[in-house]
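Participant: My structure is below; once you've seen it, I'll send some questions.
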Amino acid sequence: MQNLEKPVHARGLLPVWSEESLTGDPNAGRYDAFVNAERLRETLPNSKIFVTIREQKALARSHYAECLHSGGTIRTKGYFGTGSESLSMTPKLRHEYLQYDRLVQHYVNSFGAENVLVLPQELLRSSPVYYFDKLSDFLDLDPLTNLASTEIHGSLSARGLYVGRILNHLFTPDPLSFGGNPWQRKVFDGILRRLDRLVPKALDFGAERNLKNYVNIRYQGAFAASNAKLAALTGLDLAELGYEL
């Protein structure tokens, strides 16, 4: 890691290590966020930790979409669960994964509160200048100017996800990488996105509404206590950003 950072330092820039699966990867069955945090502390004890969060229901839908993008065929009930399963029948997306206060508290305990910054992803859309000002200040850098944004890898609509889940059965099941051949997945995803754009929204057949209702009912009130702890821990006004408290 130090060798890879050297050319970045040489350019007068700040090296940043960014990897979303450091907090785990539910779609791969990896819930190793706390183990990864300990490894970071042991390897880079003087680091600053920047964590981005996203409203839980929105992130849950995003993870499900990513699962189907990757060739998954699991239905919503198997993915999100119902909240009343026995302990031996946990859903693919575990409830505790979305309780952000637990992991943030762990990082604060490991690196110190002054070395941990948490910012909601929603601020990127509503207040991008504020978002990057907070980040720059945290890293002792000059404020950024001339901010520009481009949306990439947008999610399919619910009807597109439904079609994708059905068509994913055409691929050889692979428990580790879902869809197998990356080239086939890329071609398939391109075709699916074109179809999703061409199919009129009127032909949604209630897919988006049904998916949203399922997620809302599944997680109704589930993260209020966790978000309250997170708000107290970070000073963030999460309620204003749509987080349940």
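The values are calculated or read from the model by the stated rules, or taken from the named source; none is laboratory data. Predicted model, so just to flag it, every value in this text is computed and none were measured. Cβ atoms come from the backbone with ideal geometry, glycine included; neighbour counts cover every protein chain shown. The accessibility values were calculated without ligands, DNA or RNA, using every heavy atom of the protein model including side chains. Shrake-Rupley method; radii C 1.70, N 1.55, O 1.52, S 1.80 Å.
Participant: Give me the pairs, please: first residue somewhere in the stretch 89-107 and over 15 Å from E38 (Cβ atoms), second residue anywhere and of a type in the set (K, R), beta-carbon distance under 6 Å, and either six or more positions apart or on two chains.
Facilitator: Matching pairs, first to second residue: D101/K229.
Participant: Still on this model: Name every residue in the stretch 86-120 that is open to solvent by 80 Å² or more (accessible area, probe 1.4 Å) and out of contact with any Phe, Trp or Tyr (no Cβ under 7 Å at 6 or more places or on another chain), in order of residue number.
Facilitator: Result: L87, S88, M89, T90, R102, N109, E114.
Participant: Follow-up question, since we're still on this one. Has the stretch 68-82 got any residue that is touching a residue at least 12 places away in the same chain (Cβ under 8 Å), assigned to a helix (DSSP H, G or I), surrounded by 18 or more Cβ atoms within 10 Å (Cβ to Cβ) and in contact with a strand residue (DSSP E or B) (Cβ under 7 Å, 6 or more places away or on another chain)?
Facilitator: no
Participant: Here is a further query. Quick check: is even one residue across the stretch 129-149 loosely packed, with under 13 Cβ neighbours inside 10 Å, in contact with a Pro (Cβ under 7 Å, 6 or more places away or on another chain) and at pLDDT 80 or above?
Facilitator: For the stretch 129-149, residues loosely packed, with under 13 Cβ neighbours inside 10 Å, in contact with a Pro (Cβ under 7 Å, 6 or more places away or on another chain) and at pLDDT 80 or above: present.
Participant: Tell me whether the stretch 219-227 contains one or more residues that are surrounded by 11 or more Cβ atoms within 10 Å (Cβ to Cβ), modelled with pLDDT of 95 or more and touching a Lys or Arg at 6+ places or on another chain (Cβ under 7 Å).
Facilitator: Yes, the stretch 219-227 contains at least one residue that is surrounded by 11 or more Cβ atoms within 10 Å (Cβ to Cβ), modelled with pLDDT of 95 or more and touching a Lys or Arg at 6+ places or on another chain (Cβ under 7 Å).
Participant: How many of the residues making up the stretch 42-63 are among the polar types (S, T, N, Q), open to solvent by 30 Å² or more (accessible area, probe 1.4 Å) and under 21 Å from R30 (Cβ atoms)?
Facilitator: 3
Participant: A further question on this structure: Which residues, counting only those in the stretch 8-34, are open to solvent by 70 Å² or more (accessible area, probe 1.4 Å) and either farther than 27 Å from I74 by Cα or at pLDDT below 95 (or both)?
Facilitator: H9, A10, R11, L13, L14, V16, W17, S18, E19, E20, R30
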